[in-house]
Amino acid sequence: MTFELIVFDWDGTLMDSEARIVSCIHKAFAELNLPVPSREAARDIIGLGLDEAMARLMPGAGPGLRAELITHYRRHFLGGDATPSVLFPGVRETLDWLAGRGHRLAVATGKSRPGLDKSMRETGLGSYFHATRCADETFSKPNPQMLLELMEELGASPEETLMIGDTEYDLLMARNARVESLAVSYGVHPPERLMAHGPLACLDALSELRPWLERRAGESSTTGMGSLRGMGAVG
């Protein structure tokens, strides 16, 4: 099957932003004189919407305190933190290839809209994507709503759609939307945690996406010809 719509997570899949996110979380908690989460706890929530992330990092926190944490986090992430965030190797080249083949491309991210817009401006990747969804616009992963909205907007069925991400939240969202998924091993969650959620494969670099899709297209073509021969439809 050819995947007409390919949906990417952002942080940990296209952009290596883990260190910056963790830094901003630590600063937000410290400024409010709250116990600062460990690095492991802070990185584990990457991919969730900010409200869901803060609720996990500080169980029992009410809406007001979570809102304060989010305000402090956003201030640092959008302007005050200089921790580098760069694209992973092969991202731009892979998007070039996919766009050249006519795939519809989208982003489904736990980032806020201002955060994604900032990253799009910094990387210059905005022109590749036909649509995007952020966690402050709809339900957070693993709720399927982001994918459902993207498929409706871009006219793709679940069978034509592929979700690519580095966390179990991405893969669970795909499963909840009845969409196939691919995991990447270089982000936040380890491969064994990802493979427990049934992705088609786990890639060690985004540059592996092109040969993976080409192999899959070749296998589909061979299978199709075999079925036609079996039906007496060839010759």
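The values are calculated or read from the model by the stated rules, or taken from the named source; none is laboratory data. Just so it is clear, the model here is predicted, and its values are computed rather than measured. Cβ atoms come from the backbone with ideal geometry, glycine included; neighbour counts cover every protein chain shown. The accessibility values were calculated without ligands, DNA or RNA, using every heavy atom of the protein model including side chains. Shrake-Rupley method; radii C 1.70, N 1.55, O 1.52, S 1.80 Å.
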For this session: Considering only protein heavy atoms, with the full assembly of protein chains and a 1.4 angstrom probe, order Asp204, Asp170, Asp16 by accessible area, largest first.
Result: Asp204, Asp16, Asp170
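With charges only on Cβ, +1 for K and R and -1 for D and E, what is the dipole size of the stretch 77-191 about its Cα centre, in debye, rounded to 20?
On the way: 11 positive and 16 negative charges, 22 e Å.
Dipole of the stretch 77-191, to the nearest 20 debye: 100 debye.
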Exercise. Which far-off residues, 5 or more places away or on another chain, put their amide H under 5 Å from the one on Gly49, with H placed in the peptide plane?
Worked result: Lys141
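Over the chain, what is the relative contact order in whole percent, taking alpha-carbon pairs under 8 Å and six or more residues apart? Don't skip to the end; give the middle numbers.
Numbers: 397 pairs, mean separation 57.2, N = 235.
Dividing the mean separation by the residue count of the chain yields 24 percent.
What does the accessible area per residue of the chain come to in Å², with a 1.4 Å probe and no ligands, DNA or RNA counted?
Working: 10500 Å² over 235 residues.
Ligands and nucleic acids excluded, the figure is 45 Å² per residue.
Taking the DSSP beta bridges in the chain as the whole, what percent of them are antiparallel, to the nearest 5?
10
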Exercise. For the charge dipole of the chain, defined by +1 on Lys and Arg C-beta atoms and -1 on Asp and Glu C-beta atoms about the Cα centroid, which residue among Leu125, Phe139, Pro191 has the Cα displaced farthest towards the positive pole?
Worked result: Leu125
Problem set entry | Farthest positive-ward along the chain dipole, Cα basis, beta-carbon charges - from Thr167, Gly110, Ile25 | Ile25
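Percent of accessible area on the stretch 4-116 owned by carbon and sulfur, 1.4 Å probe?
55
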Seminar exercise, completed: SASA check, Leu172, accessible area w/ 1.4 Å probe, all protein chains in place, rounded to nearest 10 Å², comes out at 40
For this session: Give the whole-number value, in cubic angstrom per residue, of the convex hull volume spanned by the C-alpha atoms of the chain.
Result: 125
